[in-house]
Structures are given as structure tokens and as C-alpha cells.
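Visitor: My structure is below; once you've seen it, I'll send some questions.
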Amino acid sequence: MQFKQIVGQEAIKQRLINSVKENRVSHAQLFLGPGGAGSLPLAVAYAQYLSCEDKREDDSCGECSSCRKYQKLMHPDLHFSYPFFAKHKDDTSISFIEQWREAFLGNPYLSLDTWRGYLDAENKQANINIAECHQIIKKLSFKPFESVYKVLILWLPEYLDKEGNSLLKIIEEPQPNTLFLLVAQNQDQILNTILSRTQLIKIPALSYNDVKDYLVTKFNQTEEAAAQIAYLCNGNLTEALTMLQEENNGYHGLFVQWLRLCFSNKGIEVISFVDQASKMGRENQKNFLRYGISFIRECCMLLSGAGNLVHLPPQELETAQKMTNVMNISMANAIITELEKAHYHIERNANPKILFLDVSLLIIKILSFKTIPQGTQYMPN
């Protein structure tokens, strides 16, 4: 993996390159960023740059023996650890290394759900078990074979339970030229004893333009289609790539139609909409609700006088401006809350017909009867 293959994150790339040039490579680093920001590919590209035999000014060469092995994830000094769904108590990451290589090389921006799809997970919970911790200690107890550095990349250390404390000594006092790179999404779920022993590298979500430009150049999307996906995914490239595989149902027109039916309290037509929404398929339903949440949030910014922060195409902006005439911030926040709840329940396989009918009735109460449902409280992400 080379830095040039990673979407955006130019400042982070330069920081990592400079740490190598200035010989300031910390032996334990935590790449902390939201899902789809590129934390994992950045860690792999960083490791490849460290081991490259012919470093360029701004990237690894991609041609030397080390780079060729890294590009196949088969370098003897590159090791991975990750959550898995153990079938036996002595399973470790090595048991699933072929699936891991296939998953990462297929999509470096993979999520835990994507990774689950490569394994026979059944209903098992993902974790990093004590056998894996012992395997990590064993891997890192040897000197590098070919490169200057031996690197272990631990993806999602949030799935380390108390067994992770067995790694403290190897993290704090590793063998010379041994690097421990943790790649995480949620700092609060990492063991404090591990967190305190790492150098933190915060990786931001991708920008709207980074995602849009990538979809246009890499996947030949139209400006309009790429803009809608970039708007919906909120900087998460994993979500953006998932949306590419889904049928585009024109979420804006359908969502505004839904709001108008609710505002007019047209019961029979609302039922017709519910039937239509219930047949969209789970991923499209989630994307539809996610679009609605984002759209109403833009309306909130208009209502708050922050129109300069709104990033909507002209037609959608015009609709949002009209919507501000029929609702206030409290009503908008209440709708957002109900849509977020619906998204949560759709992810957990709620009956879509019952769910969309229930949400429709709540939105009718908010828009048509100006009534905020009891207990509704706006919870921003």
C-alpha cells in the first residue's frame, strides 16, 4: 500500500513521512480515526514506507523487493492482529490470515461488518483472545528478518478484553526496531493501560470534496451522483463504497414527498408511501433515512442563520429553504431524533412496514399538529 493510493489525508501522510525522515519513529503508535477515514491503509502505507529500500521524497518506491512483498501483505516482518470469530479457544489471527489478505486487498477501507462477511461468523462475537495475545508476544520477540523494522498492526484494539494487559510489557519495552501500530475507532473502549503507552495520531473524517472527487475519478460517477453519496456518507468512505453498490432511488425527491404527505396529513397516501418504503431493501432504507437526517440537519443550519455552512445542490437548497417556513428548530430536532431511532431499528431488522408507519405518524404529529412527541430529545451524533 502506498500513500498515493489513499484518499485525502495529505497532512497525516506528510506527518508520517516526516517522522521517518527526522528519525522520530515512536515504537508504539495509535492511529485513531472514525470508520472509513483510512486509518488502516495509512498504517499499512506507513509500515511499507519504513521498510522501503528506495524511499522517494513523498512515498515508498513500490518497486523494491520489500514493497512488492508489502503489496501482497506477505512480508516476513509485517504482522497483523485483528478481531475474529473463534471456533476454538486456541484460534489466533494466523488461522484467518488468508481471509484477511483477501479482505484488505479487496477493500483497504473495510469495516468489521465487511470482515465478518469473509468469515463463518454465525452469531459469534468478535474479540481478540488470550491465545492471540500470546501469539503477538511470540511474533514480536524475534528480531526483524529482512527489513530494518518489524511491524505489528493491531486493527480494532477495542476488542481486546482484560487479556490485553498481557501485552503491556512488549508494548512498553519492545525488541529494538519493533513497531506496534494500533488502529482504532473509539478511544473510550481501549484499555487505559494500553492507551497511555502509545503516541496518538488523530485521523479526521474525509472531507466532502475528497470523497466526491474520488468517486468521480475512480468510479466514473457523475458529479450529481458523487455529490449525493459524498453528502450521505459524512466522510466515511466505507459507507460511500457500500452505497455505490446499492440502487440509487433518488432519495431527495422521495424524502420531500414523504414530508409533504405528513405535513398535509394525507393518510391514504402516507400508507401508499409506507408500502413503497417497506419494499426498498434494508440498505436502501438505511441510506434513505440517513439522507433524511442529513437533509433536516441542513434545514437546522438554515433556521439557525448558518446558511454559509450548508452544502446542498441548488434544487435541494431551494427545498430546504421552503421547509424552514413550516417548521422551527425544535420540530426539526424532533424529526431528526425519530429518523435516528428508525435507522437504529432498521439496522436491527425491525419490520419496515410497521416502522415507517410509526415514524410517519410521529412526523404528522410534529409537522401537521405542531406536537413534539413526549420524551423526544435531540441527540447529535
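The values are calculated or read from the model by the stated rules, or taken from the named source; none is laboratory data. Because the structure is predicted, anything quoted here is derived from the model rather than measured. When we count neighbours, we look across all protein chains shown, and the Cβ atoms used for this are built from the backbone with ideal geometry, even at glycine.
Visitor: Scan the range 322-343 and tell me whether some residue there is closer than 25 Å to Ala225 by Cβ and free of Cβ contacts under 8 Å to residues at least 40 places away in the same chain.
Guide: So far as the range 322-343 goes, yes, one or more of its residues are closer than 25 Å to Ala225 by Cβ and free of Cβ contacts under 8 Å to residues at least 40 places away in the same chain.
Visitor: Write out, first by first residue and then by second, each pair whose Cβ atoms fall under 9 Å of each other, whose residues are 6+ apart or on separate chains, and whose first residue, in the range 189-202, is without any contact (Cβ under 8 Å) to a residue 40 or more places away in the chain while the second is among the aromatic types (Phe, Trp, Tyr) and crowded, with 16+ Cβ neighbours inside 10 Å.
Guide: Gln189/Tyr159
Visitor: Within the range 337-373, count every residue that is crowded, with 19+ Cβ neighbours inside 10 Å, closer than 14 Å to Met280 by Cα and of a type in the set (S, T, N, Q).
Guide: Total meeting the criteria: 0.
Visitor: Could you check how many residues of the range 254-263 are buried (at least 19 other Cβ atoms within 10 Å of the Cβ), within 29 Å of Ser207 (Cβ to Cβ) and either modelled with pLDDT under 90 or not aliphatic (A, V, I, L, M) (or both)?
Guide: 1
Visitor: Another question, if that's okay. Read through the list (1) under 25 Å from Phe31 (Cα atoms); (2) in contact with a Lys or Arg (Cβ under 7 Å, 6 or more places away or on another chain); (3) surrounded by fewer than 19 Cβ atoms within 10 Å (Cβ to Cβ), then give the number of the only condition that Pro176 fails.
Guide: Only one criterion is unmet by Pro176, namely (2).
Yes/no per residue for (1) surrounded by 15 or more Cβ atoms within 10 Å (Cβ to Cβ); (2) on the phi > 0 side of the Ramachandran plot; (3) touching a Gly at 6+ places or on another chain (Cβ under 9 Å):
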site	(1), (2), (3)
His252	yes, no, no
Asn265	no, yes, no
Ile268	no, no, no
Asn284	yes, no, no
Cys300	yes, no, no
Pro314	no, no, no
Met323	yes, no, no
Ile335	yes, no, yes
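Visitor: Is there a residue in the range 246-266 that is assigned to a helix (DSSP H, G or I), within 29 Å of Asn186 (Cβ to Cβ), under 20 Å from the mean Cα position of the chain (by Cα) and of a type in the set (Asp, Glu)?
Guide: no
Visitor: Just wondering, is there one or more residues in the range 36-54 that are in contact with a Ser or Thr (Cβ under 6 Å, 6 or more places away or on another chain), over 26 Å from Pro174 (Cβ atoms) and buried (at least 16 other Cβ atoms within 10 Å of the Cβ)?
Guide: yes
Visitor: A further question follows. Could you say which residue among Leu167, Leu191 is surrounded by 13 or more Cβ atoms within 10 Å (Cβ to Cβ), assigned by TED's automatic domain parsing to the domain that holds Ala11, of a type outside the set (D, E, K, R) and closer than 21 Å to Ser141 by Cα?
Guide: Leu167
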